[in-house]
Structures are given as C-alpha cells and as structure tokens.
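*Asks:* Here you go, one structure.
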Amino acid sequence: MGGYKKIRIFLLTIPLLLISVSRASPEKAVKNLLIELPKKIDSWISRADDSIFTRSTLFNHINGGAEPYLTYDFREAAVRRYSGNGNDEILVEVYDMGKAIDAYGIFSIENADEEIGIGQGSEYGGGLLRFWKNSYFISIMTTGDEKTAAPVMKKIAKILESKIDSTGDKPDSVSSLPQLSERGFNLKKTRFFHQFSILNRLYYLADENILKLGRNTDCLLAMYEHGGSRIYLLMARYLSIKEAEEAYALFIKSYMPDSAGQGKIKTENGKWVMSRKEGESIYIVFDAPDKNRGMEILNGIKRKKE
Amino acid sequence: MENLTRRNFMKTSAAIVAGAHLGSALNAETGPRVVLIRDKNASVEGAGINEKTVQHMLDEALMALTGESTPAAAMKRFIMPGETVGIKSNAWRYLPTPRELEKAVEKRVIDAGVEPGKISIADRGVLDNPVFKNATSIINVRPLRTHYWSGIGGCIKNLIMFSPTPSIYHPDSCADLGLLLKLPEVNGRLKLNILCSITPAFHGRGPNHFDRRYVWNYNGIIIGTDAVAVDAVGLEIVKAKRQEFFGKEINFDTIPKHIQLADTRHKLGVSDISRIQLIKIGWMENSLI
C-alpha cells in the first residue's frame, strides 16, 4: 500500500473514531465531574476521598437498588459525602448511564416530585434532588435537616449541571407519543426502559417475560388520564422485524389468546386491552375504559418520518 | 407452573373477595398466630422512643403469642437456658432497629436463662460473628419500611445477611427472597420474628433514600413465629397507610411479591391475611388493619 493511500485511510478513520468515542462514553468520566465540584460549599465540607462504583461493584453502594441501574447501560458512579452540622450529611451521586436515553430512562422510572428546572429534567422533594443531563443521572440527598441542606443541594446541582457541556436526546419514541390533550387525554407520565423487570415494576404484566424484552429493546410506557381513568400505552421497539413478530406472537398467546387474532379484548376488570405490531415495534394499550378511547390512543401514535 | 399474568390475578381476585369471609371463618383459627400490639406512648414525634413502654409492649406481645403468664416464661417457649442466641437486628442508618427494642429483647433472652456473653446483637457481618456462628437460636428484629427493590423491607428481607451472596436473591424484584428461610444458618434456628412498626416508612423513592414525609408514629410491634405471616400483616398496614395518605392506591417502587411467593411458591409460611390468626392488643385507634 502506498504512503498516500495509508494517510488517506488514516484521515478517513479519524471522524469515525471520534463518532464512536462520543457515542460510547460521556464527555467526562464521573470522577472528573466530581473533581470539578468544590470540596467546601458554604459550611458543608467533604473530607473523604470520592468513591467509585462500577457495574460489578454498584451492589456495594446500593445493594439490591443496583438492579434497575444495571438494566440500563450504566457504566460507573462516583459518590461524595459532605458533612454539615452534627451528623447531617449530603450525599452526591453521579451516574454515567452510558447514553442520554438511559440517563433519561433511569430518571423517568424514578421521578415523582416537582420539576425544579435543572438539567434536562429534574425533581426535588423530601430531601432528594435528582436530575439528568446528557448521559449523566445525578442524585443529591440529605440525611439531615432538609431546610438547611436544600439550598446547598441546589447549589451543588447547578454547579454539576454547568460542568456538563452538552445535552443529549430523549428516546425517539417520546416524539411518537399520541398528543391528544384536545381530546381530553392528559399525558401524565412517560417511563423509558429496556427490560421486563422494569415493566413489571411500573405495570405488572406477568410472571414471565411474555414480551421477550431484553437489553436491546427500547420501551416507553406512557400513562394518560381521561375522565378519571388511567390508560397505559406501551411502545416496545425491537432490533428486527423478526424479533418483534416473535414477541408479538408470544404476547397474544400468553395474554390474550381469547382475542381471536384481533388484538383487542375486554378483560376481566371490564377494561380493554388492544395491540398491534408495526415493523420492529409493538404497541399495546392497557386499561382503556372503552374500545373507542383505546383505539384513539393506538391510532394516535405518530409514525416516524423516514 | 402456569405463567401468572395480570389477567390471571383479575380472574382470581373476584373469587378471593367472595371467599375471604368464608376463608377467614374456616382458617384463621388454625393459621399462624401473629400479635399486633400498639401503645400511643411508644414514641412521640420529636421526643424519641419510650424505653419502658417498648419493654412493656414486647412483654405483652410475647405473653399473648404464647399464652404464658410471664414474659420470661413466654421467652422460654422459644429460647432454652444455656443456648447461644443471635439477635439479628437492622442497622440501616436512617431507620435502624431501635436500641430500646434491641435491649428489651436482650433482657428477656437473659431472663430465659441465656448468659449475656452468649448473646450478640448484629446486622452486617453475622456470617463472621462468632456468636451467630454458634447460635442455636436466632431472633429476627427489624423495622417495617418500604424497600426500593423488594417492595417491603420486613423480617424475610432482614435475613439477607445470612447469605454469602445476597445478589443472587435480587432477580425479578427479589421474588424468591423467601428462600432465605431455608438457609442452613436460618432454617431450624429462627425462633421469633419481631417487626418494629413504631415509626414505619410507608413510601420512599430510589435506593438508600429516606423521606421523613413518609414516616408516621404508628407505635406498633408485630410479632410471630412465621416470618411470612408477620410480613404479610406489616404489608397490609403499609398498604392501608399509603391509601390513606395519598387518597388512592399508588404503586410500590417494586411490587412486594416475595411475601406471597414465599407462601405460594415455596410453602414457607402463610401470606393470606384471612388465614392468619391476628391478635390485636392495646391502643387500636386508626390501626389500619
């Protein structure tokens, strides 16, 4: 191979390498993000070294609580403790979730309190502040007097937010959700995840994985309220059409064998389940109070522009 | 085994509701005995836990559970003189087993004829603890709270430290946590389960989080020999409190199915509340069960 050709291949490879690096890891390692946070903030001081936890050691930090994180592309967490008055403590945890959709995901399955305008999504309540930005999920918690700690916790959150230079995208499926507020459907929650264990936490479906969900499936569970009813829409996207077909067949066989292949059935609680498969995706509406409202949601899913 | 789906539950729930009254009449007499004792003076917000009241509650509960007329005699139904006893506590920093309750249990174990040097109160490290290693009996005592990955942290969950590999119990939201009762360190040695419900936590968010908004002075202690039944009673109280507080049924972080599965899948106790002989003593205002 001539020298010119080698140089050309090398130059062509550089952008590809840069793209793969930027997709595979966040802009800063979690420990470096924490290093940029002062060790003393107001009267709160961190004296110990930061702790680092990986996929294989996260159990040492949060025991069984590590399981949900491991269903995502979690890479590493850095933890720092600040001491205040007496035994009061602020615990800062920075999680590298591998990619922005997974940082959004872990935040989305947990979030319960009021948005406070930090990062790309945040909440504060009961001495717990959490937000996500790009591929980072950050949790800041106090064990002491919440009123004293809250301003410092918010300060810490804002410093960390400012050290994360770029933002990341939410999952594509979020933009495909039916927007039916003018029809009285209020979208209350969206939860993004990959695995069946998380679906069962959010909406118990079955003992066994009857949707063949796994690390490579992208799922969005949306909850709508309409006239006092809660209606759920599950959108699951698989790696291939074949995988989606197999999963859909198993779901129909396991959950609604009595639907006579129609993908619609009134269940034992008097509510409707309806489903359809489209390309690599499966869409299922649960708990629709009647057939029409269920179909409105199912038909309201926006098709992705090619 | 048949795959249990949401629809299966819908089908059976109507039958359960219809049969609950009948089941209660037929089975509660023969089911495991669980005592719930409450005293409104056990704890007062901002003033901590009343040691004397807690001792009195434990004593009354032990006597009600066994039918004995003194606390020492009641404890002797579980612990014999000369034994080595491990009191499996819980050291979670935000809501540990109250020291007052640990002391009350220890006192009655000594009264039963156990030398103080043969008693250990511990949580982490029980597998390496010399007293626990030689223990002929274990008393399991911990607070009632919701738990991020098992739904409820109760007496079953408290046995996790007897496993050298706790993470093997994590899959499927700790579904098979009940198998802890079969561990050689536990099986045959676990004599008594005490679920401290003085200040239970009925809701939480995320791992390691403790939210003071969701703790209340229930001022109760639940006690029994069947860990599954004791946890089932605790779960009912937490569910009722969530309903009362939030005004509607809200999902647990994780469905606490390990209690039911310890019964239905592993046959290690009774989780059906209608089959539990629940004895309620003391202050029962807003007992939620």
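*Asks:* Can you confirm whether A:ASN87 is touching a strand residue (DSSP E or B) at 6+ places or on another chain (Cβ under 9 Å), surrounded by fewer than 17 Cβ atoms within 10 Å (Cβ to Cβ), modelled with pLDDT under 95 and more than 24 Å from A:SER162 (Cβ to Cβ)?
*Replies:* So A:ASN87 fails the test.
*Asks:* Right, next: So which residues in segment B:168-180 are closer than 26 Å to B:ASN129 by Cα, at the interface with chain A (Cβ under 9 Å from one of its Cβ atoms) and touching a residue at least 24 places away in the same chain (Cβ under 8 Å), if there are any at all?
*Replies:* If the condition is that a residue be closer than 26 Å to B:ASN129 by Cα, at the interface with chain A (Cβ under 9 Å from one of its Cβ atoms) and touching a residue at least 24 places away in the same chain (Cβ under 8 Å), then B:CYS174 is the only one that fits.
*Asks:* I would also like to ask the following. Tell me which of these B:ILE156 doesn't satisfy, since it passes every other one: (1) within 14 Å of another protein chain (Cβ to nearest Cβ); (2) surrounded by fewer than 24 Cβ atoms within 10 Å (Cβ to Cβ); (3) under 15 Å from B:ALA262 (Cβ atoms).
*Replies:* All conditions are met except number (2).
*Asks:* On to the next question. Count, please, the residues in segment B:192-208 that happen to be crowded, with 20+ Cβ neighbours inside 10 Å and facing chain A (nearest Cβ under 10 Å).
*Replies:* So the answer is 5.
*Asks:* Name the single residue that is surrounded by the most Cβ atoms within 10 Å (Cβ to Cβ) among those in segment B:241-275 being farther than 22 Å from B:TYR148 by Cα and of a type in the set (A, V, I, L, M, F, W, C).
*Replies:* B:VAL270
Yes or no, residue by residue, for (1) over 15 Å from B:TRP149 (Cβ atoms); (2) among the small types (Gly, Ala, Ser):
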site: B:ASP176; (1), (2): no, no
site: B:GLY188; (1), (2): yes, yes
site: B:ILE194; (1), (2): yes, no
site: B:SER197; (1), (2): yes, yes
site: B:GLY204; (1), (2): no, yes
site: B:TRP216; (1), (2): yes, no
site: B:ASN219; (1), (2): yes, no
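*Asks:* Filtering segment A:86-103 down to residues that are touching a residue at least 60 places away in the same chain (Cβ under 8 Å) and part of a strand (DSSP E or B), which residue is nearest to the other protein chains (Cβ to nearest Cβ)?
*Replies:* The residue in question is A:TYR95.
*Asks:* Would you check if A:LYS242 is in a helix (DSSP H, G or I) and among the basic types (Lys, Arg)?
*Replies:* So A:LYS242 passes the test.
*Asks:* Please determine whether any residue of segment B:255-269 is more than 14 Å from chain A (Cβ to nearest Cβ) and basic (Lys, Arg).
*Replies:* yes
*Asks:* When you scan segment A:134-231 for strands (runs of 3 or more DSSP E) that lie fully inside it, which ones turn up with 2 or more residues that are in the same structural domain as A:GLY84 (by TED's automatic domain parsing), surrounded by 19 or more Cβ atoms within 10 Å (Cβ to Cβ) and touching a residue at least 12 places away in the same chain (Cβ under 8 Å)? Steps first, please.
*Replies:* Numbers: elements: A:136-142, A:186-193, A:218-226.
Strands (runs of 3 or more DSSP E) meeting the threshold: A:136-142.
*Asks:* Across segment A:104-134, which residue is nearest to the chain's Cα centre (by Cα) among those that are away from every other protein chain (no Cβ under 14 Å) and more than 20 Å from A:SER173 (Cα to Cα)?
*Replies:* Filtering segment A:104-134 for residues that are away from every other protein chain (no Cβ under 14 Å) and more than 20 Å from A:SER173 (Cα to Cα), the one nearest to the chain's Cα centre (by Cα) comes out as A:GLY119.
*Asks:* Which one of these is within 14 Å of another protein chain (Cβ to nearest Cβ), over 18 Å from B:ASP226 (Cβ atoms), among the β-branched types (Val, Ile, Thr) and without any contact (Cβ under 8 Å) to a residue 40 or more places away in the chain: B:THR146, B:THR165?
*Replies:* Numbers: B:THR146 fails: without any contact (Cβ under 8 Å) to a residue 40 or more places away in the chain.
Exactly one residue qualifies, and that residue is B:THR165.
*Asks:* Can you name every residue in segment A:67-79 that is within 25 Å of A:LYS154 (Cα to Cα) and either buried (at least 21 other Cβ atoms within 10 Å of the Cβ) or within 13 Å of chain B (Cβ to nearest Cβ) (or both)?
*Replies:* Selection gives A:TYR69, A:PHE74, A:ALA77, A:ALA78, A:VAL79.
*Asks:* Are there strands (runs of 3 or more DSSP E) fully within segment A:248-306 with at least 3 residues that are under 24 Å from A:PHE196 (Cα atoms) and touching a helix residue (DSSP H, G or I) at 6+ places or on another chain (Cβ under 7 Å)? List them.
*Replies:* Where strands (runs of 3 or more DSSP E) fall fully within segment A:248-306 and carry at least 3 residues being under 24 Å from A:PHE196 (Cα atoms) and touching a helix residue (DSSP H, G or I) at 6+ places or on another chain (Cβ under 7 Å), they are A:272-278, A:281-288.
*Asks:* Tell me which residues, restricted to segment B:45-74, are outside any helix (DSSP H, G or I) and closer than 20 Å to B:PRO98 by Cα.
*Replies:* B:GLU45, B:GLY46, B:ALA47, B:GLY48, B:ILE49, B:ASN50
*Asks:* Out of segment A:232-275, which residues are more than 10 Å from chain B (Cβ to nearest Cβ), under 25 Å from A:ASN186 (Cβ atoms) and crowded, with 18+ Cβ neighbours inside 10 Å?
*Replies:* A:TYR232, A:LEU233, A:LEU234, A:MET235, A:ALA236, A:ARG237, A:LYS264, A:TRP272, A:MET274, A:SER275, listed by residue number.
The values are calculated or read from the model by the stated rules, or taken from the named source; none is laboratory data. Treat the numbers as computed from the prediction; the structure is a model and nothing was measured. Every residue, glycine among them, receives a Cβ derived from its backbone with ideal geometry; neighbour counts consider all protein chains shown.
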